[in-house]
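> First the structure, which I've put down as structure tokens, then a few questions once you've had a look.
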Amino acid sequence: MLRRQFLEALGGATALPFFSPLRAEAAEAANLTYGLPAGAYGVGQMGTLPGKRPLIEWTARPPNYEAPLSAFATPFTPNDLFFVRYHLSGIPPQIDLQQWRIAVGGEGVATPLQLSFQDLQRDYEQVEVSAVCQCSGSRRGLSEPHVPGVQWGLGAMGCARWRGPRVKDILAKAGIRPGAVEVVFNGADGPALTTTPDFVKSLPIGKVMDENTIVALEMNGAPLPHFNGYPARLIAPGWTGTYWMKHLISIEPVSKPFDGFWMKAAYRIPTGMFPTVQNFATQQNEMTTPITEMVVNSLITSPAEGARFRVGEPVTAAGLAWDGGYGIRSVVVSTDNGASWREATLGEDSGRYAFRPWTYRFTAAGPGSQTIRARATNRLGETQVETLIFNGAGYHNNVVRPTTIVIA
Ligand SMILES: Nc1nc2c(c(=O)[nH]1)N[C@H]1C(S)=C(S)[C@@H](COP(=O)(O)O)O[C@H]1N2
Ligand SMILES: [Mo]
């Protein structure tokens with residue numbers, strides 16, 4: 001049977017048991033996460049964008065490609081396995097570096113600037129920030145009940161070393177006027193149909209002036225891949241990917257809250273629902289508020305779902321943990337369905353915005369199946385939840401999630 005047919009057949013068989021070899025096999029065939037809506041298994045398939053290795057293709061126009069679990073074997077995600085997320089399909093097929101400029105302007109600056117790539121490299125201190133870029137909707141496909149939108153599994157995220165000038169240094173050069181409450185960022189992509197609003201985002205002035213908010217000209221020591229925002233993108237460490245404007249072409253401080261569609265109608269969560277410290281006060285109302293910081297979370301990268309071990313065999317579980325920029329304090333692991341938890345060993349600390357690797361060794365019990373669960377806690381004491389905090393957009397899913405291994 002062709003893989004596609006196999007997956008479609010599986011798509012019809014809803015309500016597979018919590019763990020089944022069939023489900024593990026199907027997920028593995030397409031690199032898909034288990035637990036997605038049954039129909040998603042007929043949609044997600046491997047696809048290759050120019051400059052990338054195969055990723056899980058959810059939509060080709062606009063391009064929405066998820067990283068397979070193998071991309072997270074290292075704490076920095078390879079550029080050619082980094083996920084790709086776009087809202088609009090009017091993406092410039094290529095960008096001419098000689099012609100490309102960032103316009104720094106609007107009523108909020110004294111001296112408007114037109115900055116070339118060379119200006120950005122030459123005239124400003126270059127700083128490096130290691131940071132996770134995670135889509136607000138990563139794991140949306142695991143929402144219960146399921147919600148509309150791209151049915152992302154675990155891989156709508158990645159971590160890179162980003163390098164370039166600080167936004168605050170650029171604004172200092174342009175002479176930012178007092179009274180700016182937000183800064184508006186736009187990218188070179190646009191709607192294919194004029195009826196869809198252009199993707200434009202703002203950030204509160206406090207976040208913009210943070211010394212870690214930069215315009216990245218490099219990603220992991222190389223030029224940005226085209227589909228990750230070549231030649232330059234905004235980095236808003238700790239905050240979800242929606243603010244990380246790709247193909248950046250304008251920076252504009254404003255004295256009133258920006259009222260674009262992508263601020264007012266999208267990327268919002270019910271006010272007070274999540275325990276974030278930094279919020280976006282100028283965009284908040286009683287009902288909803290913009291999503292801001294990522295919530296603390298972890299991923300088990302090894303062993304794979306359905307992996308086989310012998311009774312008594314030593315197993316090393318490994319994975320990653322991250323949060324909104326406070327840093328990971330601990331990761332605990334349970335191999336007995338959550339009855340007891342023990343400390344995992346944390347790996348190299350690449351900074352408070354980066355993936356923190358962890359490992360945990362145990363002995364396979366059994367025979368039968370055994371579950372592995374990981375739970376990260378950050379330095380604020382925030383921890384992952386046992387039960388989903390449901391919201392209609394499927395954001396901030398940090399539910400503790402089991403990986404099941406088979407022991408014979
Ligand atoms: N120009 C532009 N920038 C964008 C977007 C977009 O659609 N267009 N999507 C944003 C969202 S929602 C996310 S999650 C990140 C994804 O970054 P990546 O595609 O490099 O993984 O880009 C952000 N920047
Ligand atoms: Mo996103």
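> Have a look at THR377, THR387, THR371 and point out the one that is within 17 Å of ARG139 (Cβ to Cβ), β-branched (Val, Ile, Thr) and either outside the structural domain of LEU32 (by TED's automatic domain parsing) or in a strand (DSSP E or B) (or both). Steps first, please.
Values: THR377 fails: within 17 Å of ARG139 (Cβ to Cβ); THR371 fails: within 17 Å of ARG139 (Cβ to Cβ).
Exactly one residue qualifies, and that residue is THR387.
> Which of (1) in a strand (DSSP E or B); (2) more than 16 Å from ligand 1 (Cβ to nearest atom); (3) among the aliphatic types (A, V, I, L, M) is the odd one out, the single condition ALA131 does not satisfy?
Status for ALA131: all satisfied but (2).
> Name the single residue that is farthest from the chain's Cα centre (by Cα) among those in the stretch 140-150 being part of a loop (DSSP other than H, G, I, E, B) and more than 15 Å from ligand 1 (Cβ to nearest atom).
PRO145
> Within the set of pairs 6 or more residues apart or between chains, which connect a residue that is over 25 Å from PRO78 (Cβ atoms) inside the stretch 112-137 to a residue that is part of a strand (DSSP E or B) and of a type outside the set (A, V, I, L, M) with Cβ atoms less than 9 Å apart?
TYR124/GLY164; TYR124/ARG166; GLU125/ARG166
> Restricting to the stretch 51-110, give me the number of residues that are in contact with a helix residue (DSSP H, G or I) (Cβ under 6 Å, 6 or more places away or on another chain) and free of Cβ contacts under 8 Å to residues at least 60 places away in the same chain.
Qualifying residue count for the region: 1.
> Checking the conditions here, which among LEU217, LEU224, LEU203 is at pLDDT 95 or above and touching a Gly at 6+ places or on another chain (Cβ under 8 Å)?
LEU217
> Of the residues that make up the stretch 76-96, is at least one surrounded by fewer than 18 Cβ atoms within 10 Å (Cβ to Cβ) and more than 16 Å from ligand 1 (Cβ to nearest atom)?
yes
> For the structure I just gave you, tell me whether THR292 is farther than 19 Å from PHE82 by Cα, of a type in the set (Ser, Thr, Tyr) and more than 16 Å from the chain's Cα centre (by Cα).
Considered against the rule, which asks whether it is farther than 19 Å from PHE82 by Cα, of a type in the set (Ser, Thr, Tyr) and more than 16 Å from the chain's Cα centre (by Cα), THR292 comes out as no.
> Since GLU107 meets every condition but one in (1) within 14 Å of ligand 2 (Cβ to nearest atom); (2) surrounded by fewer than 20 Cβ atoms within 10 Å (Cβ to Cβ); (3) over 21 Å from THR48 (Cα atoms), which condition does it not meet?
So the condition that GLU107 fails would be (1).
> Still on this model: Kindly list the number of the only condition in (1) without any contact (Cβ under 8 Å) to a residue 24 or more places away in the chain; (2) at negative phi; (3) surrounded by fewer than 19 Cβ atoms within 10 Å (Cβ to Cβ) that fails for GLY272.
Unmet condition: (2).
> Right, something else. What are the pairs with Cβ atoms under 6 angstrom where one residue, in the stretch 225-246, is near ligand 1 (Cβ under 8 Å from one of its atoms) and the other, located anywhere, is part of a loop (DSSP other than H, G, I, E, B) and of a type in the set (Val, Ile, Thr)? Sequence gap at least six, or different chains.
Taking only residues 6 or more apart or on different chains, the pairs are THR240/ILE291.
> Output the number of residues of the stretch 133-185 satisfying the condition of being within 30 Å of ASN391 (Cα to Cα) and of a type in the set (Lys, Arg).
2
> Moving to a separate point now. Here's a check for you: in the stretch 34-57, which residue that is in a strand (DSSP E or B) and in contact with a Gly (Cβ under 6 Å, 6 or more places away or on another chain) is surrounded by the most Cβ atoms within 10 Å (Cβ to Cβ)?
Ranking the candidates gives ILE56 first.
> Just wondering, is there one or more residues in the stretch 188-199 that are modelled with pLDDT of 95 or more, buried (at least 23 other Cβ atoms within 10 Å of the Cβ) and assigned to a strand (DSSP E or B)?
Within the stretch 188-199, none of the residues are modelled with pLDDT of 95 or more, buried (at least 23 other Cβ atoms within 10 Å of the Cβ) and assigned to a strand (DSSP E or B).
> Being within 13 Å of ligand 2 (Cβ to nearest atom) and buried (at least 24 other Cβ atoms within 10 Å of the Cβ) is the filter here; which residues of the stretch 141-154 pass it?
Within the stretch 141-154, just TRP152 meets the criteria.
> Give the stretch 155-184 a look and list any residue that's buried (at least 24 other Cβ atoms within 10 Å of the Cβ) and either of a type in the set (Lys, Arg) or within 15 Å of the chain's Cα centre (by Cα) (or both), or say none.
GLY155, ALA156, MET157, GLY158, CYS159, ALA160, TRP162
> Right, something else. SER70 is checked against (1) under 27 Å from GLU386 (Cβ atoms); (2) more than 16 Å from ligand 1 (Cβ to nearest atom) and fails just one. What number does that condition carry?
(1)
> Ok, one more. Check every one of the strands (runs of 3 or more DSSP E) wholly within the stretch 205-270 and list those with 1 or more residues that are under 29 Å from GLY392 (Cβ atoms), within 14 Å of ligand 2 (Cβ to nearest atom) and under 20 Å from the mean Cα position of the chain (by Cα).
233-235, 268-270
The values are calculated or read from the model by the stated rules, or taken from the named source; none is laboratory data. Keep in mind that this is a model prediction, so the values were computed, not measured. Ideal geometry is used to build each Cβ from the backbone, glycine not excepted, and the neighbour counts take in all protein chains shown.
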